[in-house]
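First up is the structure itself, then whatever we jot down about it.
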Amino acid sequence: MSDPYKIFHCIRTIRSKKMVKTNNFCWCSGLLLCFVGFFLTPGEAALKKYQFDVQVKNVSRLCHSKPIVIVNGRFPGPTVYASEGDTLLINVTNHAKYNMSIHWHGLKQYRNGWADGPAYITQCPIKTGNSYTYNITVTGQRGTLWWHAHIFWLRATVHGAIVIMPKQGVGFPFPPPYSEANIVLGEWWNNDVEEVVKKGNLLGLPPDMSDAHTINGKPGPLFPCSEKHTYVLEVEQGKTYLLRIINAALNDELFFAIAGHSLTVVEIDAVYTKPFTTQAILIAPGQTTNVLVQAIQAPNRYFMAARPFMDAPVSVDNKTATAILQYKGIPNYVQPILPQLPALNNSAFALSYNGKLRSLNTAQLPANLPLKVDRHLFYTIGLGINPCPTCLNGTHLTAALNNITFVMPQIGLLQAHYFNTTGIFTTDFPDHPPTPFNYTGTPLTSNLGTKQGTRLSKIAFNSTVELVLQDTNLLTVESHPFHLHGYNFFVVGSGIGNFDPKNDPAKYNLVDPPERNTVGVPTGGWTAIRFRADNPGVWFLHCHLELHTSWGLKTAFVVENGKDSDHSVLPPPKDLPPC
């Protein structure tokens, strides 16, 4: 197991000039760091260079071998390590047959949407044989985030962790763990993912669901051909471990638990929380959760397990991925113990778990929640059916916000905004649904057509925004994890049924609401978030279920520049991929 504590001790040794750098790699006590350069800058901040080679490689899982797109020959890809204040230069070279862009999920990228990564939103993709360097300064953040492809469904295999350590001399707001590990949850298809999607699009229906879930790219021994495809974390009796858990799955919210061990939640989406202990966590696609685990049980082998949460009449890959927590000295032939995970449709657990999440909100780490709101937005989330002449049955399923299915442009929206290119998008996305109705009442199965367009919402710089996301029963209710690029936001309220603008705001948590970048809108319910629009640019808002995003469940905010150049979008880099 790579130990980030050793890595960052190594980094801090460099800063004290006790480390040898040779052949563009840094060595310390025999440890090879995975970035290709390390350069000191004034103060404590460092400049770190990574090389990401996007390649196609044959990989075997579930007794099937297939070519997949991966980074640096690894699945999941390499972990990006940084300290708060560092600058990252990550050069991505695309050797694969697909165009590529990579999103640094959760990094705020102040004034620098050029490095955010979503294809055709802040950049055009990197074409085969070309490169692009993402220039990222880590500002005011520490904890666990992640990176992933942001084009087509390629994030199924193109993803990895981002670990941001606090500034030198700044500790954690909880007892430091003995060691830590990344736990990346994902999905696996036996067939080529892009071909699976093409087949679904041809039918106008959802594509085939995944064949397995994975933990660190491995499905575990509940699946065939698992001898080499099970992740094992060795622990020592009496020690405490920090697990950095990432849900990289494309379409499934997941429960995660460890047999016989409690989990103490201490961070979500790179924001510290008031610690609480639970037997399982719920984590939606796009979210990260850090938990402390004490290895204080009888020495044995214990399964770590993940399986879906789905409380709507929607098909999911209801299979359990497993990994092993193994106490030091226990032989490998000992049969692990399985945890008791919540039932597939356990809504009560989901609501209770999310209700326990609270910002730390201390003097050192305050929750800077906007109390005054300048702009109130209300977006309905719905499925629909539109004509499709190329589909076999003449129609296809679609998705919409406020009955608008987002149409992807052919050039980057940030470029169009920065250069005032007309005809690419409009800024007339409605603040409220065009036709109010009983959003969560009897399922609506007629008049399901949606309007289409590249319609964005313009937001004044430094204004405060409250956005209520309302699930609807158009075809069916369903939970939706929504991600806002370029920002964190505060989750001030959530509920089941229709949002009541007169009574529900009185129940908001305006003291210590959780702060995050991806939030689940409950099935047949609503979620209210708040943020200050202090980061100019074009910032994507979308459901992080890849199926729904590809169906058009997305839009973007155009956050205007401030009054001076220090509060305006930076000029584009010279190597920005051409369209």
Checklist entry - Taking the range 358-403, which residues are in contact with a helix residue (DSSP H, G or I) (Cβ under 9 Å, 6 or more places away or on another chain) and surrounded by fewer than 14 Cβ atoms within 10 Å (Cβ to Cβ)? => result 390, 392, 393
Checklist entry - Among 442, 472, which is closer than 30 Å to residue 387 by Cα, β-branched (Val, Ile, Thr) and open to solvent by 10 Å² or more (accessible area, probe 1.4 Å)? => result 442
Next on the checklist: Going residue by residue through the range 490-503, is there one that turns out to be in contact with an Asp or Glu (Cβ under 6 Å, 6 or more places away or on another chain) and either open to solvent by 30 Å² or more (accessible area, probe 1.4 Å) or part of a loop (DSSP other than H, G, I, E, B) (or both)?
Outcome noted: no
Checklist entry - Any idea which residue in the range 211-227 is modelled with the lowest pLDDT, counting only those that are open to solvent by 10 Å² or more (accessible area, probe 1.4 Å) and more than 19 Å from residue 148 (Cβ to Cβ)? => result 227
Next on the checklist: Residues that are more than 25 Å from residue 193 (Cβ to Cβ) and without any contact (Cβ under 8 Å) to a residue 60 or more places away in the chain: list the strands (runs of 3 or more DSSP E) wholly contained in the range 48-134 that include at least 2 such residues.
Outcome noted: 87-94
Checklist outcome for this item: Out of (1) within 30 Å of residue 98 (Cβ to Cβ); (2) touching a strand residue (DSSP E or B) at 6+ places or on another chain (Cβ under 7 Å); (3) in a loop (DSSP other than H, G, I, E, B), the one residue 167 does not meet is (1)
Next on the checklist: I'd like the residue in the range 155-182 that is out of contact with any Ser or Thr (no Cβ under 9 Å at 6 or more places or on another chain) and surrounded by 20 or more Cβ atoms within 10 Å (Cβ to Cβ) and, out of all such residues, is farthest from residue 546 (Cα to Cα).
Outcome noted: 180
Next on the checklist: Given the criterion on the phi > 0 side of the Ramachandran plot, modelled with pLDDT of 50 or more and open to solvent by less than 60 Å² (accessible area, probe 1.4 Å), identify the matching residue among 37, 77, 73.
Outcome noted: 73
Next on the checklist: Looking at the range 560-577, can you tell me whether even one residue there is under 30 Å from residue 365 (Cβ atoms), in a strand (DSSP E or B) and open to solvent by less than 50 Å² (accessible area, probe 1.4 Å)?
Outcome noted: no
Checklist entry - Residue check: is residue 523 of a type in the set (Val, Ile, Thr) and either in contact with a Lys or Arg (Cβ under 8 Å, 6 or more places away or on another chain) or not in a loop (DSSP other than H, G, I, E, B) (or both)? => result no
Next on the checklist: Scan the range 191-208 and tell me whether some residue there is assigned to a strand (DSSP E or B) and outside the structural domain of residue 484 (by the TED database).
Outcome noted: no
Item to check | Subset of the range 379-389 that is over 23 Å from the mean Cα position of the chain (by Cα) and not small (Gly, Ala, Ser) - its residue that is farthest from residue 405 (Cα to Cα) | outcome: 389
Next on the checklist: List pairs: first residue in the range 337-357 and more than 24 Å from residue 512 (Cβ to Cβ), second residue open to solvent by 70 Å² or more (accessible area, probe 1.4 Å) and not acidic (Asp, Glu) anywhere in the structure, Cβ distance under 8 angstrom, at least six positions apart or on different chains.
Outcome noted: 339/279; 340/279; 344/318
Next on the checklist: Please go through (1) of a type in the set (D, E, K, R); (2) in a loop (DSSP other than H, G, I, E, B); (3) under 30 Å from residue 552 (Cα atoms) for residue 187 and return the number of the only condition it doesn't satisfy.
Outcome noted: (2)
Item to check | Any pair with Cβ under 9 angstrom, 6 or more apart, that starts in the range 224-237 at a residue that is closer than 17 Å to residue 186 by Cα and in the same structural domain as residue 335 (by the TED database) and ends at one that is surrounded by 13 or more Cβ atoms within 10 Å (Cβ to Cβ) and among the aromatic types (Phe, Trp, Tyr) | outcome: 229/223
Next on the checklist: Could you go through the range 457-468 and let me know if any residue there is more than 18 Å from residue 533 (Cβ to Cβ) and open to solvent by less than 70 Å² (accessible area, probe 1.4 Å).
Outcome noted: no
Item to check | Failed condition for residue 486, given (1) more than 26 Å from residue 454 (Cα to Cα); (2) assigned to a loop (DSSP other than H, G, I, E, B); (3) in contact with an Asp or Glu (Cβ under 8 Å, 6 or more places away or on another chain) | outcome: (1)
Checklist entry - Can we say residue 540 is modelled with pLDDT of 95 or more, farther than 26 Å from residue 365 by Cβ and of a type outside the set (A, V, I, L, M)? => result yes
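The values are calculated or read from the model by the stated rules, or taken from the named source; none is laboratory data. The structure presented is a predicted model; accordingly, all values stated were derived computationally and were not measured. Using ideal geometry, Cβ is built from the backbone for each residue, glycine included, and neighbour counts are taken over all protein chains shown. We work out accessible area using only protein heavy atoms, side chains counted, and drop any ligands, DNA or RNA first. Shrake-Rupley method; radii C 1.70, N 1.55, O 1.52, S 1.80 Å.
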